[in-house]
Amino acid sequence: MKVNKIDHICIAVKNLEEAKKRWEPLLGKNKPDDEYIDEPEKINVARYYLGEVGFELMESTAPDGDVAKFIEKRGEGIMLVSFNVDNTREAMAELEKKDYPFIGGARTFRECEFAFIHPKAVNGVLLEIIDDKTEAPK
């Protein structure tokens, strides 16, 4: 599997608006480069591009969402690192042959797919692979 770049890093937060106020001065931004709600994943996201890498603040939209569960168990903080790949399903097939366990299968987001490698396989880090072709704003 070839990793093209770190696609994004996600920070789980309890309150997105408060987190944006804390992070934007540090990031040199006055608003996110992309904001969205992902209903299937139960998250409200503010994405900032730092060069070609996305930096995301994620708030759960439901008490049973994965972000809410993460915060309940570990507190706010880095939740996942995402690697950009050419093709998510091909990368999954290659990694499964090498005994990397996935949490569920490939999932759809906008015009791409992503999947999660179980943290027990990568030193406790929730690792995402994604074949997103979106380019950071210039």
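Data for the structure
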{"item": "Relative compactness, the range 60-138, computed as alpha-carbon Rg over 2.2 N^0.38 Å", "result": "1.18"}
{"item": "Cβ-derived FRET efficiency at R0 25 Å, residue 110 paired with residue 17, nearest 0.05", "result": "0.60"}
{"item": "Dipole moment magnitude, nearest 20 debye, the range 5-130 about Cα centre, only Lys, Arg, Asp, Glu C-beta charged", "result": "420 debye"}
{"item": "Calculated [θ] (222 nm, deg cm²/dmol) that DSSP helices of n ≥ 4 give over the chain, each run adding -39,500 (n - 2.57)", "result": "-6500 deg cm²/dmol"}
{"item": "Over 17 Å [Cα-Cα, the range 5-130], rounded percent", "result": "59 percent"}
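Bear in mind these aren't lab numbers, they're just calculated from the coordinates by the rules spelled out. These figures come from a predicted structure and were not determined experimentally. Positions of Cβ are generated from backbone atoms using ideal geometry, with glycine treated the same way; all protein chains shown enter the neighbour counts.
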